[in-house]
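So the structure is just underneath, and the comments pick up after that.
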Amino acid sequence: MSSDKSLYNFPFSHIYVEERAKEHPLTKEILTRYKKSQVIPIRHHKDVFNRPRQSFLLQKGAPSLILARNPGASVFRGAPVCQDFGYDHFYYCSTARNCIFDCEYCFLRGMYGSGNVVIFVDLENTFSEVEALLKEHPVYLCVSYDTDLLALENLTGSVARWIEFTREHEDLTIEIRTKSFRKDIFEKIPPCDRVIFAYTLSPQEIIDRYEKRTSSLSDRLSAASFAMEKGFPVRLCFDPLIYCKNWKDIYSSMFSEAQKYIDFHQLKDVSVGSFRISSEYIRKIRKDFPGSSICQFPYENHGGVMEYPENIKNEMENTVVTLLQTLISKEKIYRIDLEENI
Amino acid sequence: MFFIVCALTAEARPLISALSLRRDDNACPYETYFAEDCSCVLCISGMGPVAASSATTYLLTRFGTKNETDFLINFGSCAGKDPGLHLIHKITDSTTGRDFYPDMLYDLSSCGLPSSSEKALVTVSKVVASLEDPNLLYEMEASGIFQAASRFLPPHRMLFLKYVSDQGVDDPKKITSAMLQEGAEKQTSTVLSVMKKLEEACKEEPSVDEDLFLSTALSLRLSETMRYELHQLFEYALTENIDIRPILDDFENQGRLPAGTKKEGKAVLYELRQKLI
């Protein structure tokens, strides 16, 4: 693949619009922002998103945008490889697919055959699904798993809508996971103690190498600190921990940096987990990204989940947990336990 | 390698000349031309989606494809309102109603194909008398070519370039070879410029030294599963820019490579892994 950027179209140079989504107000609003883009009508988002043999790698360099209506259910039970933070009714929802960031280790690379971004414009239908669930029991819902919603906020405004929706439904708690630096949302919208902003943190060296287009460590910390200041609960996710030869040094520097911005005692909680991915996904990713060291690392297969060798995984997680215990009470530290979850 | 499919000789002639392609004198089911350096091969499919589909399959089967370095270009005439050369972002097969989407990754504006030149196209089974939708282009091959090529190439390795020859005619005989050739001649420099630009996107990535891998796997007496593990270590070393040869040389100097037994081979594999990570 050539790295010459002039070879490729600008992001969202092509916007595919599903027939049944074209009249939706959000579609119209998004299209007004991309006047230079080619708008291509399509019957169904899968006609473009699910084409065989697409290059996730190349599409990440020049992603197209697909505006669609969610074809079916958009709320699902949380996966065993994900942390439930002690909530009984753990769900996630999919209102967008893929994100504008380009993390080499992202499970979405294994899950989807396309690097293009899909936005389901009919968020109101997802809200109806959540309301139906809420009639049965309280719900803990991760709304930013298949994308980074906060990074797409300029386009969709859906984070603001989720906050308002959650405020109106007292049995609902949501998590918005992000690597974004943006703070403006915390000024515009009053806080809600059931809207948790979860910042994934990595050492700057890992960000530079593996988390392309995401914000810097200091920007993420600054945004997290600002959210806390404004009264939102904040979670820090040291997950995935990424191994490299000097991991001890760079993670130690990261914690020093984090303490400059964050009063750990004020955090909602923290999560710790070393990198893991399903064996099915890694097979696809390795084929699609032959030049990525994080994809080609010789992981060990533990019951269908690829993980670092036991000694590396334990040492990394134990070191980080031990360090965190000096900063925050034990009860607030959540460590992924795959055996228990599976 | 570029695979070019044109429906008619008149459409292809200017490209054949500009690329100095030689006619394949072997008995071929389709008129085929190729470059001496094997960088390009061109095929005349004949008119209609079935002929185009068959010719594409023939071309890609006979010459073989490599995903990372090949492009298929369909160049030809069409009916449409706006004159000039158009890059196609959507192909509709009028018979089946199915739509096909080549990936639009490359910015070809510097080649004379700005985004405003992009169009959607309808593949029909006979020459159109008028333009049902003046915003669309009409021709007779693209859907067949896309469907056949999809079996061999990913959607970002297919490019459909169509120049407008007419706005629909009541009698196909009104579209003469001379008209089509003249139209193709006007677009040849743009097509050449596009090919040059796409060549930049065809750089091969470094890959594992398969000979070294195979000889190492044999020397270590590895099982199939362990061979897979060894290959993964070779892949990882490549991404981390680690030269694996000196490490293997060390094992050789220690008398551990080749391994005497499977157990010894497994031990070397384990140690190699530790050294790499």
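What the table below lists for this structure:
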item	result
Helices (runs of 4 or more DSSP H) wholly inside the stretch A:1-107 containing at least 1 residues that are within 11 Å of chain B (Cβ to nearest Cβ) and not hydroxyl-bearing (Ser, Thr, Tyr)	A:45-49, A:56-61
Members of the stretch B:220-231 that are closer than 19 Å to B:Leu276 by Cα and touching a residue at least 24 places away in the same chain (Cβ under 8 Å)	B:Leu220, B:Leu222, B:Met226, B:Glu229, B:Leu230
Enumeration of residues in the stretch A:192-218 that are over 15 Å from the mean Cα position of the chain (by Cα) and either surrounded by 22 or more Cβ atoms within 10 Å (Cβ to Cβ) or under 22 Å from A:Asn98 (Cα atoms) (or both)	A:Val195, A:Pro203, A:Ile206, A:Asp208, A:Arg209, A:Ser216, A:Leu217
Qualifying residues in the stretch B:106-128 (those that are in contact (Cβ under 8 Å) with a residue 60 or more places away in the chain and assigned to a loop (DSSP other than H, G, I, E, B)) - the one farthest from the other protein chains (Cβ to nearest Cβ)	B:Ser125
Check on B:Gly97, away from every other protein chain (no Cβ under 14 Å) and either more than 19 Å from the chain's Cα centre (by Cα) or within 12 Å of B:Ala142 (Cα to Cα) (or both)	no
Residue within the stretch A:199-211 that is part of a loop (DSSP other than H, G, I, E, B) and modelled with pLDDT under 95 present	no
Members of the stretch B:198-212 that are within 7 Å of another protein chain (Cβ to nearest Cβ) and assigned to a helix (DSSP H, G or I)	B:Glu200, B:Ala201
Condition broken by B:Phe213, with the remaining ones in (1) within 16 Å of B:Gly48 (Cα to Cα); (2) hydrophobic (A, V, I, L, M, F, W, C); (3) over 17 Å from the mean Cα position of the chain (by Cα) satisfied	(1)
Residue within the stretch A:159-166 that is in contact (Cβ under 8 Å) with a residue 12 or more places away in the chain, farther than 26 Å from A:Ser225 by Cα and touching a Phe, Trp or Tyr at 6+ places or on another chain (Cβ under 8 Å) present	no
Qualifying residue in the stretch A:316-323 (condition: surrounded by fewer than 19 Cβ atoms within 10 Å (Cβ to Cβ), within 13 Å of another protein chain (Cβ to nearest Cβ) and at pLDDT 95 or above)	no
Qualifying residue in the stretch B:18-31 (condition: outside any loop (DSSP other than H, G, I, E, B), surrounded by 15 or more Cβ atoms within 10 Å (Cβ to Cβ) and in the same structural domain as B:Ala148 (by TED's automatic domain parsing))	yes
Pick from the stretch B:187-198, criterion modelled with pLDDT of 95 or more and either touching a Lys or Arg at 6+ places or on another chain (Cβ under 6 Å) or more than 24 Å from B:Lys90 (Cβ to Cβ) (or both), ranking: surrounded by the fewest Cβ atoms within 10 Å (Cβ to Cβ)	B:Ser189
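The values are calculated or read from the model by the stated rules, or taken from the named source; none is laboratory data. It should be emphasised that the depicted structure is a prediction, and the values quoted were computed from it without experimental measurement. For neighbour counting, all protein chains shown are included, and Cβ atoms are generated from backbone atoms with ideal geometry for every residue, glycine included.
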